[in-house]
Amino acid sequence: MYRIALLFLGIALAAPAFGEKDGARLYRWVDAHGKVHYSDTVPAEAARQRRIIYDKQQLRKLEVVDKPKTPEELAREAHLARLRREEKRLLEEQLARDRALLRTYRSEEDLQLARQGQLNTIDARIRVLKTNRRRLDALLQQKIHKAAQIERDGRKVPKALAGEIAAIRQQIRLTEEKIASERKSRETLERKFTQDLERFRRLRRHFQADAVATTRPDSQPSAKQRVILSIAACRPRIDCERAWQLARIYVQTHATTPIFISSPAIIHTQDPRQDDDIALTVARIRGKEKDTLFLDVRCKLSSVGQALCHSDKVRQLRAEFPPFIEAGLSLSSQQGADTPVGEKLQ
């Protein structure tokens with residue numbers, strides 16, 4: 001800094017008293033060989049170098065111009081932007097479901113009544129189907145008894161009677177399938193209401209009416225630091241459920257705020273309230289052949305929070321997410337090597 005001040009002083013003394021235009025600039029850059037240069041203009045060979053611009057009149061720094069980004073850097077920034085758009089979409093969908101849940105039910109009792117009403121409807125349909133099944137069973141026994149009597153009399157069973165027996169058996173199979181379908185619907189409904197009740201209770205306790213301003217790493221990418229894409233891949237129906245469990249463990253271990261949303265598509269902790277809080281989000285972005293798990297970080301929008309989000313600590317946290325998921329999946333694969341794929345995740 002002392003050398004720069006002396007340089008400015010020399011330039012100022014050498015300049016005519018009224019010859020300089022207001023706001024005249026001086027450029028500083030370092031070439032490929034590490035040599036520092038100062039000039040009123042930037043030569044063509046230095047156009048792609050990072051440079052600092054000074055005001056020669058007031059002896060102060062005006063701005064820093066980073067060197068142009070490489071195609072790879074631009075591609076990584078574009079990829080990060082796409083991931084964050086998808087993360088935002090998934091989060092907004094979940095928050096919309098949360099708002100709908102709170103609008104639909106005023107209390108746990110309302111939710112329980114709605115659950116019981118829908119279960120009663122399904123149970124009524126199952127009772128009707130079982131009654132039909134018993135009626136068909138009785139009718140089938142009558143037809144079979146009649147056919148057996150004809151055969152004992154030494155006569156051939158008429159085609160019409162044989163057709164009736166086959167048709168009744170088909171109706172019984174269809175009725176059994178409908179009963180099984182209704183039972184499956186009942187189980188699905190039970191799971192849904194269990195999840196809704198758990199979510200409703202959490203929302204009533206922790207619903208964030210006021211949004212907290214946050215900042216995120218790489219929100220303004222700089223040429224000084226490489227953009228980190230904290231992503232891991234998994235294969236649907238093979239290892240994605242295990243990967244999602246691992247993602248939740250990672251969030252619980254590294255976030256300083258409690259989990260606010262935990263759905264099959266997004267894990268999202270509460271917004272940071274303190275300057276040193278680290279809030280995490282993992283979005284599961286579904287693809288044709290594989291799903292992508294994207295980890296994002298949020299810090300409080302303050303000078304301390306911004307520094308935290310751009311710190312080595314957070315960069316390491318983001319960088320270690322993919323190998324954590326990969327190592328967990330590899331370990332699960334080794335432990336379940338002798339079992340069918342469908343049983344490895346159970």
- Residues whose placed amide H lies under 5 Å from that of I278, excluding near-sequence neighbours: T256, T257
- Item | Whole-Hz ³J(HN,Hα) from phi, Karplus 6.51 cos²θ - 1.76 cosθ + 1.60, for the range 62-70, glycine and proline x | 9, 6, 10, 9, 6, 5, x, 6, 6
- Item | Computed lengthening from R134 to K88, 0.36 nm per intervening residue step minus Cα-Cα distance | 11.2 nm
- Query: What is the local net charge at V157, summed over the other residues whose Cβ is closer than 14 Å to its Cβ (Lys, Arg +1; Asp, Glu -1)?
  - Reply: +3
- Task: Treat every Asp and Glu Cβ in the range 107-206 as -1 and every Lys and Arg Cβ as +1, leave all other atoms uncharged, and give the resulting dipole magnitude about the Cα centre to the nearest 20 debye.
- Result: 240 debye
- Item | Where labels lie 7 Å past Cα in the beta-carbon direction, separation of H79 and K184 in nm | 3.9 nm
- Item | Summed residue charge, Cβ within 14 Å of I144's Cβ, Lys/Arg positive, Asp/Glu negative | +1
- Query: How many nm separate the modelled label positions at H145 and R125, each set 7 Å beyond the Cα in the direction of the Cβ?
  - Reply: 3.4 nm
- Item | Greater than 24 Å apart at Cα, pairs in K88/K290; K130/K184; K69/K290; K178/K290 | K69/K290; K178/K290
- Rounded if a/c is under 1.5, else prolate if a/b beats b/c, else oblate: with a ≥ b ≥ c from the C-alpha gyration tensor eigenvalues square-rooted, which is the range 64-192? oblate
- For the range 30-40, in residue order, the Karplus 3J(HN,Hα) values (coefficients 6.51, -1.76, 1.60; θ = phi - 60°; whole Hz; Gly and Pro = x) are 10, 7, 5, 9, x, 8, 8, 10, 10, 7, 6
- Net charge, D296 excluded, C-beta distance under 11 Å - Lys, Arg +1, Asp, Glu -1: +2
- Message: For a quick check: sort V30, V227, V36 by the number of other beta carbons within 10 angstrom, fewest at the front.
- Response: V36, V30, V227
- Query: Amide H to amide H, which residues 5 or more places from L62 or on other chains are under 5 Å from it, using H placed in the peptide plane?
  - Reply: I53, Y54, D55
- Note on the structure: One finds, for Q195 and L161 with R0 = 45 angstrom and r their Cβ-Cβ distance, a FRET efficiency to the nearest 0.05 of 0.30
- Can you list the HN-Hα couplings for the range 256-267, worked out from phi with the Karplus curve (6.51, -1.76, 1.60; θ = phi - 60°), rounded to whole Hz and with x for Gly and Pro? 9, 10, x, 5, 9, 10, 9, 10, x, 10, 8, 10
- Tell me, in nm to one decimal, what length is gained between Q252 and V64 on full extension, where the rule is 0.36 nm per residue of separation less the Cα-Cα distance? 63.8 nm
- Cβ-based exposure ranking for T70, T214, in which fewest neighbours within 10 Å come first: T70, T214
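Read-outs: derived from the displayed coordinates by stated rules, not from any lab. Values in this document were obtained by computation on a predicted structure and should not be read as measured data. Note that each Cβ is placed from the backbone with ideal geometry, even for glycine, and that neighbours are counted across all protein chains shown.
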